[in-house]
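Below: one structure, written as structure tokens.
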Amino acid sequence: MISRDAEGDLFVKLRARQVAESRAMMLPAEKVPGLQLLRRAFHQRSYEINLLTGGKHQPAAMTSEVDRLRDHVSDAQTPVGAYLHYLANLYLDFPEPARELMLAYREDHMWDRLEQRPLLSKILYLLIAVAIAGITLRLLGFPVAVP
């Protein structure tokens with residue numbers, strides 16, 4: 001399995017760059033996709049098939065994707081290699097403006113949502129500070145009353 005740390009992401013970017021070069025596409029270093037971006041492209045392709053492909057054409061689109069993956073699996077030496085090659089090709093199949101948009105997109109995280117609600121974030125920070133203070137006092141040997 002590919003780790004989610006910086007080394008794992010670098011590994012994915014190196015493989016994605018190789019796939020781009022094999023397609024005669026030169027991507028600048030800042031535009032080479034990592035695993036998160038490749039997964040985002042996969043999800044966008046799934047949305048296209050599920051939401052934009054008409055009823056009787058949807059099974060054919062799904063079969064086409066399965067056939068593409070099967071081709072990558074048969075050509076690759078390992079399942080991970082096949083997966084990365086498939087994802088990189090899927091990402092590179094999107095037109096440049098779509099890839100730019102996927103690259104610029106930033107997902108909301110819990111802390112981002114908390115920053116949008118100042119009162120809630122202050123209450124959370126206060127609770128965290130009280131918990132840390134209580135633990136510290138307990139470790140220092142002071143009696144702490146717990147309700």
Helix 118-139 against the longest principal axis of the chain: what's the angle in degrees, Cα atoms only, rounded to the nearest 10?
60 degrees
Against the longest principal axis of the chain, how steep is helix 79-93, in degrees 0 to 90 to the nearest 10, with axes from Cα atoms?
80 degrees
I'd like the orientation of helix 6-22 relative to the chain: the angle between its Cα long axis and the longest Cα principal axis, in ° from 0 to 90, rounded to 10.
20 degrees
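For the chain, give the magnitude of the charge dipole about the Cα centre (Cβ charges: +1 Lys/Arg, -1 Asp/Glu; no others), in debye to the nearest 20.
Working: 18 positive and 17 negative charges, 75 e Å.
Taking the Cα centre of the chain as origin, the dipole is about 360 debye.
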With a point put 7 Å past each Cα toward its Cβ, work out how far MET110 is from ALA76 in nm, to one decimal.
3.2 nm
For the chain, what is the mean residue ellipticity at 222 nm derived from helices alone (per DSSP H run of n ≥ 4: -39500 (n - 2.57); sum divided by total residues; nearest 500 deg cm²/dmol)?
-22000 deg cm²/dmol
Counting alpha carbon pairs within less than 8 Å and at least 6 residues apart, what relative contact order, in whole percent, applies to the stretch 27-125?
30 percent
What is the mean projected area of the alpha carbon convex hull for the chain, to one decimal in square nanometres?
15.1 nm²
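Every number in this text was worked out from the coordinates using simple rules, so none of it is lab data. Worth saying up front: this structure is predicted, and the values here are computed from it rather than measured. Glycine also receives a Cβ, built like all others from the backbone with ideal geometry; neighbour counts cover every protein chain displayed.
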